[in-house]
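Heads up: the structure comes next, in structure tokens.
The values are calculated or read from the model by the stated rules, or taken from the named source; none is laboratory data. Keep in mind it's a predicted model, so treat the numbers as computed, not measured. Backbone-built Cβ (ideal geometry, glycine too); neighbour counts: all protein chains shown. Just the protein is used for accessible areas: all its heavy atoms, side chains included, with ligands, DNA and RNA removed. Shrake-Rupley method; radii C 1.70, N 1.55, O 1.52, S 1.80 Å.
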Amino acid sequence: MSQSPDAWPLWEVFVRSKNGLAHKHSGSLHAPDAETALKSARDVYTRRSEGVSIWVIPSSAVVASSPDEREPLFAPSDDKPYRHPTFYDIPDEVGHM
Amino acid sequence: MGEEISLEHRFQAYVDADNKVEPKDWMPEKYRKTMIRQISQHAHSEVVGMLPEANWITRAPSLRSKLILLAKVQDEGGHGLYLYSAAETLGISREELLDDLLAGRAKYSSIFNYPTLSWADMGAVGWLVDGAAIANQVMLCRTSYGPYARAMVRICKEESFHQRQGYEIMMHLAAGTPDQKAMAQDALNRWWWPSLMMFGPPDDQSPNTAQSMAWRIKRKTNDELRQEFVDKTVPQVEFLGLQVPDSDLKWNEARGHYDFGPIDWEEFFQVVGGNGPCNKERLAARQKAHDDGMWVREAALAHAKKRAAASAASNDLKTSAA
Ligand SMILES: [Fe+2]
Ligand SMILES: [Fe+2]
């Protein structure tokens with residue numbers, strides 16, 4: 001279950017596929033340092049022109065919400081239909097809005 | 001205990017509705033263990049699978065074919081990495097996974113314990129072995145464990161060139177001199193049956209299939225996948241003008257499928273059990289690569305620690321100067 005202290009740390013890799021789009025999570029890899037992580041990410045996740053820019057982030061730096069909190073975190077937005085445009089009846093004559 | 005049962009019920013309902021399970025979600029311990037075993041076996045197969053093909057990189061007949069083979073083998077290394085990463089999301093470390101492989105405790109696809117004897121084998125392997133792997137992997141793109149499914153989607157995108165480059169090699173040989181055509185036929189003869197075995201034992205001898213189907217880890221049974229593969233591949237053999245090495249093979253109009261002869265499961269279990277032609281050689285090659293790379297791993301880590309210490313010291317200096 002545990003990694004020895006001599007194991008290379010884990011990094012999360014995010015790739016921007018082209019300018020104008022956000023970086024998106026591609027996967028992860030082990031590397032001794034950030035520079036090597038970037039180089040390995042290039043080799044592993046962009047072999048077919050998948051990207052123009054890469055971020056690598058130590059996996060240990062990711063703070064994630066817990067699945068147990070799904071209800072309290074995300075349920076409150078389910079009962080607010082007035083945040084969606086379809087909640088409002090606007091006659092067709094008004095045109096696109 | 002009661003709570004555990006209701007959690008399991010909820011989990012079953014959740015996967016029944018085609019929802020994906022993500023790493024931090026609750027899952028039955030047996031699901032976690034099954035996923036770790038399946039994903040890591042798959043990862044090991046990608047990694048060990050590089051060996052039979054690497055055998056031919058330096059002897060590829062042209063620069064073009066050498067570049068293609070290198071790219072394919074490099075892809076397989078990447079596939080291993082995607083899969084190890086997916087397995088690690090379940091709480092097992094990369095080191096443990098590699099230890100299991102090197103110690104001979106872990107399984108990998110038995111097909112990679114067969115030797116690659118001629119250049120035609122690069123054709124047959126890409127076409128049949130990658131072809132069989134693709135059939136399985138396309139199904140697994142919809143598997144219930146999210147990280148595994150995502151790795152499969154990426155892998156499937158990369159795989160289709162593997163099969164096509166293999167078939168191209170077979171096309172060239174089959175259209176070549178009589179000797180070249182004979183080489184292609186010989187490769188087909190040797191790889192056909194082991195490729196059919198890749199889908200695993202028949203359904204009535206595959207104890208884990210029912211649970212895997214229930215958890216939506218698998219979507220099709222071994223026999224279903226095998227039949228699909230045969231149906232798809234026989235016309236490809238005919239196009240090459242080669243013969244499937246199976247005298248029982250014939251189209252069954254009523255079933256709408258090809259009937260094929262019995263598979264030698266004794267051979268399969270021998271190879272899985274460690275007695276295939278190359279089992280020892282493959283593990284020895286993996287062990288050697290691991291040992292030879294040791295100094296690189298250690299040096300990289302020492303370098304990273306030294307640089308981290310140096311940058312921490314220079315930050316301290318800056319802080320105290322300010
Ligand atoms: Fe692969
Ligand atoms: Fe492949």
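Some notes on this structure:
- Contact map, region B:254-272: residues that are open to solvent by less than 70 Å² (accessible area, probe 1.4 Å) paired with residues that are among the polar types (S, T, N, Q), Cβ distance under 6 Å, separation 6+ or inter-chain. Pairs shown: B:His257/B:Gln227; B:Asp259/B:Asn252; B:Val271/B:Ser110; B:Val271/B:Asn113; B:Val272/B:Ser110.
- A:Ala22 being open to solvent by less than 100 Å² (accessible area, probe 1.4 Å), within 11 Å of chain B (Cβ to nearest Cβ) and of a type in the set (Gly, Ala, Ser): no
- From B:Asp18, B:Asp25, residue being open to solvent by 30 Å² or more (accessible area, probe 1.4 Å) and farther than 30 Å from B:Asn189 by Cα: B:Asp18
- The listed residue being within 16 Å of ligand 2 (Cβ to nearest atom) and either buried (at least 16 other Cβ atoms within 10 Å of the Cβ) or of a type in the set (Ser, Thr, Tyr) (or both), out of B:Glu88, B:Glu46: B:Glu46
- In the set A:Glu93, A:Glu69, only one residue is farther than 30 Å from B:Val73 by Cα, part of a helix (DSSP H, G or I) and either more than 13 Å from every other protein chain (Cβ to nearest Cβ) or among the small types (Gly, Ala, Ser) (or both); that residue is A:Glu93.
- The residues of region B:131-169 that are among the aromatic types (Phe, Trp, Tyr) and near ligand 2 (Cβ under 10 Å from one of its atoms) amount to a single one, B:Phe161.
- Looking across A:Ser65, A:Ser4, A:Ser49, A:Ser28, one residue alone is open to solvent by less than 50 Å² (accessible area, probe 1.4 Å) and at pLDDT below 95. It is A:Ser4.
- Each residue in region B:44-66 was checked for being more than 10 Å from ligand 1 (Cβ to nearest atom) and within 13 Å of chain A (Cβ to nearest Cβ), and 0 of them qualify.
Residues are listed down the side, and each one gets a yes or a no for (1) open to solvent by 40 Å² or more (accessible area, probe 1.4 Å); (2) not small (Gly, Ala, Ser):
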position	(1), (2)
B:Gln227	no, yes
B:Arg297	yes, yes
B:Ala310	yes, no
B:Leu317	yes, yes
